[in-house]
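Beneath this line is the structure, given in structure tokens, with notes to follow.
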Amino acid sequence: MSGSTLGHLFRVTNFGESHGPAIGCVIDGCPPGMSLSETDIQPELDRRRPGTSRHVTQRNEPDAVEILSGVFEGRTTGTPICLLIRNTDQRSKDYGNLLDTFRPGHADYTYWHKYGLRDPRGGGRSSARLTAPMVGAGAVAKKWLREQHGVAFRGGMAALGEIDIAFEGWQHVDANPFFAPNASQIGQLEEFMDQLRRDGDSVGARVVVEASGVPVGWGEPLFDKLDADIAHAMMGLNAVKGIEIGAGFRSVAQRGSEHGDELTPQGFRSNHAGGMLGGISTGQDITVSIAIKPTSSIRVPRQSIDRQGDPVTVETFGRHDPCVGIRATPIAEALLALVLMDHALRHRAQCGDVALPVKPIPGHV
């Protein structure tokens, strides 16, 4: 299966299946000499892992990461780093009724037609479980970017189904199970999710992620633009159906006099561009918003077909997230970090010796 690798100089190859013995990734291109251990990676995996609240899948995976290679005496060697996460709580029997049928909205139908066979257990390779290794790789990228450039990441849920979540402060994100930058609406969100689970249905979500401290100059022209690579990575996240950079679709209704971010000696006056111009970072915050569709695996009976093309009714059992967007924030942060890490190394390779006689303006006024 091609298409399992992200990046150019910092390359992450993902492997495994939802109900296989293990999942993981190989990171190639991490610079040597950085201190690294499982304790640097595990906290990020703990943010993403299942079973952390009643509002997500109750599959109870510890997601304990093991570093198999690429680290010697506590430091990266510059050789490939292999991260392994063992699956310990599979219940493959829950998927017995899906051997010959296809879940509406799921990858069952397309995988079968492409490969001629498929692993129905938990979605196999198409499962959101495969995002865990990317979060592990993202933790490695986050650490290097923080130590070398002071880059920091943050994110949160901006909408759960039809409920818009008001921004009240990033400090609230880690204090609730929704990664919401909000304290006053948590009760409403919990009631909404409890009813959704009783209904056996699902909803989508909107998640916002940002990176601050990104230097000016990262990115490539045309097809390797920084924002194009960010969009490529985010669309590789399960269930993502839309992405906005900066003002995104709101820019349609803006005039040039509003959308174009004015520059002053003190910094940019606004950030409608989302921290990138011409595919190259401006030094402002990188801002990304993603739209996540409702979970395809639901208990509500749906019409489908079997492998012979005959009509059937499909009900999905097992343990599933009524909203996969609830656990998407650390995943989106990780993907953003992986893209920025790759472009940091690419910029260093080609333009590391570029020096201008003036300093860049601050990211904002």
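Here, each number is a calculation from the coordinates, and none is a lab measurement. Since the model is a prediction, treat every value here as computed from it, not as a measurement. So basically every Cβ, Gly included, is an ideal-geometry build from the backbone, and we count neighbours across all protein chains shown.
General observations
- Cα long-axis angle, helix 132-149 against the chain (0 to 90 degrees, to the nearest 10): 10
- Bridgeable aspartates and glutamates around K241 (alpha carbons under 20 Å apart, same-chain partners fewer than 8 residues away excluded): D108, E162, D164, D201, E210, D227, D229, D321, E333.
- Taking the longest Cα principal axis of the chain as reference, the axis of helix 226-235 is set at about 10 degrees.
- Rounded to whole Hz, the Karplus (6.51, -1.76, 1.60) HN-Hα couplings of the stretch 268-285, x for glycine and proline: 6, 7, 7, 9, 5, 6, x, x, 9, 10, x, x, 10, 5, 9, x, 7, 4
- The chain - share of DSSP beta bridges that are antiparallel (%, nearest 5): 100
- Acute angle (nearest 10 degrees) that the helix 186-199 long axis makes with the longest principal axis of the chain, alpha-carbon atoms: 30
- Contact order, relative form, for the stretch 5-351: 22 percent (alpha carbon pairs under 8 Å, 6 or more residues apart, mean separation divided by residue count).
- Stretch gain in nm, segment A166-R299, where the contour uses 0.36 nm per residue and the Cα spacing is subtracted: 44.8 nm
- Taking packing as the residue-averaged number of other Cβ atoms within 10 angstrom, the listed peptides 64-76, 199-211 run from highest to lowest as 199-211, 64-76.
- Once Cα extents along the principal axes in Å is calculated for the structure shown, the corresponding label among (1) 187, 53, 34; (2) 66, 57, 36; (3) 69, 50, 38 turns out to be (3).
- Loop-located GluC sites (Glu not before Pro) in the stretch 138-172 (DSSP state other than H, G, I, E, B) with a sparse environment of at most 15 neighbouring Cβ atoms within 10 Å: E162, E168.
- Restricting the GluC sites (Glu not before Pro) of the stretch 218-310 to loop positions (DSSP other than H, G, I, E, B) with no more than 11 neighbouring Cβ atoms within 10 Å leaves E262.
- Low-density loop cleavage sites - chymotrypsin sites (Phe, Trp or Tyr not before Pro) in the stretch 95-188, where at most 13 other Cβ are within 10 Å (DSSP): F167
- Calculated FRET efficiency for the pair F223/K359, C-beta based, R₀ 35 Å, to 0.05: 0.70
- Farthest toward the positive end of the dipole of the stretch 5-351, out of M341, H8, V216, is the Cα of H8, where the dipole comes from beta carbon charges about the Cα centre.
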